[in-house]
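The values are calculated or read from the model by the stated rules, or taken from the named source; none is laboratory data. Values in this document were obtained by computation on a predicted structure and should not be read as measured data. Cβ: placed from backbone, ideal geometry, glycine included. Neighbour counts: every protein chain shown. Areas reflect the complete protein model, heavy atoms only, side chains present, ligands, DNA and RNA absent. Shrake-Rupley method; radii C 1.70, N 1.55, O 1.52, S 1.80 Å.
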Amino acid sequence: MTNTAKKHPNILIIYPDQMRYDTMTCSGNPVIKTPNIDRLSMEGVHFSEAYTSYPICCPFRASMQTGKYAQGHGMVQNHFPLRGDQTFLADCLKGAGYRTGYIGKWHLEGGPKPGFVPPERRFGFEHFVGFNRGHDYQGSIYFDDAGQAYHSKRYEPDYQTDQLMEFIDTATKADDGKPWFGYVSYGPPHFPMQMPDHLRKIYSADEVPLPPGVPNAALQEEYQRIRSEQYCKGDPRSPHKSHAAYDKKPKGEPETEDEIRQFIAEYYGMIHNVDWNVGRVLNQLDALGIADDTMVIFLSDHGDMLGQQGSFCGIKCEGYRAAMHVPLIIRYPARFKPHLSEAMIDVGVDMMPTLLDLCGIPGPDDMHGISYLPVLDGTSDQHRDTIWFQVFTQDDGQMGEFTPYAQRGVRTRDWLYVRHKDRRVMLYDQRGDYDEQNNLVDRPEHSALMDDFDARIAAHMAATGDDWDMAANFPPPDFMSHAEAKEYLENVLLPAAIEVP
């Protein structure tokens, strides 16, 4: 059966955390196999120029829910609670008659880890099975509406997909005819590299392609020196943590080529599992007869540097393509014809205005995002000419949370330009240097170009309420370090948790 009588389509967002654009077969990767994501690509609108303006988890998640940049919604760094005094996507859809359901990692409730998210803090999601934050993929905790903890030893994305499919089945078979909005947030392919052994063995380290410019230990050491001495003014918290060698390598020490290759192979294994779970959901939509009337959106919040530009594996809060360029594929057979789009999309801030536009639902006046519905409908092949890049200051906290310098920048079809408040730090020619290997920031012939970018950044900041000194005051409420969270899990949560398959 099809739900053609429904005024609005079902909407499903599938969101793996930290997935680079170039890690799909349909984006040209010669090794990785992603047949189910590729199916979405062939049957939907595949965006080859989709980016995240703030490539880190919490600010992106808040932008998805509000249609605003970080200076608008207030989530300017990770781990802080999102302000509740604003209009949210799920609230708008619920008000228009949607059933709403959220599965997985929330990460908008501040410091508690894994953390119960109370109903009044779910911003429009009525059905909620998940937790606030954390990355423990083979022994994770989730909560029910009353705050009861459940503990599963299954691989987290697998049981989360089961929970999503249960929501889809129940919402589809309800006799009230309401459309539904489902949202699943997977932790992988975000580190740590926890996964079943069979996923770890799918790709061998010697077959995965190294990103351009990798390995380069000298560049990694130089990047770390500049970060420590110039950007962080010698603060002992400045060294970056490499996740390629887990806890065996001191902070700030470059990883070897073997370590990088192993990290990438395991990263691909996680994506293999994401793809498998995407296939399970697509098959369910087919079996229920609702595939034509369901808008499936596959996206990610940021990539992983994988050792590029001197950044350690696991680092992502950078202006480079490796961090900003993300998957965005949207399938809605009843309305959108399959095609490849080169329109530039800001995935986070543009999502809410686009979905509300599609459904004819009025949205708040303070959204920064722009609807790209004309691109989806095929009536336009243009959207943005600029993606704004931003990273806010966080000048306190632990080593992994220490970012004492703000960044702003612009990405156009021709250039990537990033500056700090007191210095220009990068300029890359996007036409002639796609992989961003040759930094032109010190070339005098480009001074006028950078002057223009500086003026544009200043104007954008003024128009959106941004400020160089806007910062997150660490620690957030109820913050737990990893060590504290582990102790709380073992001594409080697990003894009271209900064990489930």
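Recomputing mean projected area of the Cα convex hull in nm² from the coordinates shown identifies the correct label among (i) 24.5; (ii) 27.7; (iii) 22.0 as (iii). Peptides 308-320, 74-86 ranked from most to least packed by the mean count of surrounding Cβ atoms within 10 Å: 308-320, 74-86.
Averaging Cα coordinates gives a centre for the range 344-396 and one for the range 427-501; these two points are 19 Å apart.
Heavy-atom accessible surface of the range 171-217, averaged per residue, reaches 41 Å², computed with a 1.4 Å probe.
Under 1.5 on a/c is rounded, so check that first for the range 1-117, then, if it is not, pick prolate when a/b is larger than b/c and oblate when it is not; a ≥ b ≥ c are the square roots of the alpha carbon gyration tensor eigenvalues. Because a/c hits 1.5 or more and a/b fails to exceed b/c, the range 1-117 counts as oblate.
Think of the range 269-425 as having a plus end and a minus end, set by charges on the Cβ of Lys, Arg, Asp and Glu; of P327, P338, G378, P327 sits farthest toward the positive end of this dipole. In order along the range 151-160, phi translates into HN-Hα couplings of 10, 10, 9, 6, 5, 4, x, 5, 6, 5 Hz, rounded to whole numbers, per the Karplus curve 6.51 cos²θ - 1.76 cosθ + 1.60 with θ = phi - 60° and x for Gly and Pro. Evaluating 6.51 cos²θ - 1.76 cosθ + 1.60 at θ = phi - 60° for every residue in the range 258-270, the Karplus couplings come out as 4, 5, 5, 4, 5, 4, 5, 4, 6, 4, 5, x, 5 Hz, glycine and proline recorded as x.
Using only side-chain charges placed at the Cβ, +1 for Lys and Arg and -1 for Asp and Glu, the dipole size of the chain relative to its Cα centre rounds to 380 debye. Between amide H atoms placed 1.01 Å from N, distances below 5 Å from V425 occur with V418, R419, H420, all of them 5 or more places distant or on a separate chain.
Per-residue accessible area (protein heavy atoms, 1.4 Å probe) orders S27, S152 as S27, S152, starting from the largest. Surface calculation, 1.4 Å probe, protein heavy atoms: S447 sits at approximately 40 Å² accessible. Taking the DSSP bridge list for the chain and keeping only pairs wholly inside it, about 50 percent are antiparallel. Working ranking of peptides 330-339, 366-375, 171-180 by packing, defined as the average number of other Cβ atoms within 10 Å per residue, highest first, is 366-375, 330-339, 171-180. D17 sits among other residues whose Cβ lies under 12 Å from its own Cβ, and their net charge, with Lys and Arg +1 and Asp and Glu -1, is +2. Straight-line cross-link partners of K233 among the aspartates and glutamates, defined as a Cα under 14 Å from its Cα and at least 8 positions apart when in the same chain: D395, D396, D422. Counting protein heavy atoms only, the range 124-192 has 46 percent of its accessible area on carbon and sulfur, 1.4 angstrom probe. Cross-link partners of K113 among aspartates and glutamates, defined as those whose alpha carbon lies under 14 angstrom from its own and excluding same-chain residues fewer than eight positions apart: D136, D478, E484, E487, E490.
Using only side-chain charges placed at the Cβ, +1 for Lys and Arg and -1 for Asp and Glu, the dipole size of the range 197-240 relative to its Cα centre rounds to 200 debye.
Helix content alone sets the calculated 222 nm mean residue ellipticity of the chain: runs of n ≥ 4 DSSP H residues at -39500 (n - 2.57) each, divided across all residues, give -8500 deg cm²/dmol. Between their Cα atoms, which of K153/K486; K68/K178; K94/K178; K251/K316; K201/K241 are more than 19 Å away from each other? Over 19 Å Cα-Cα: K68/K178; K201/K241.
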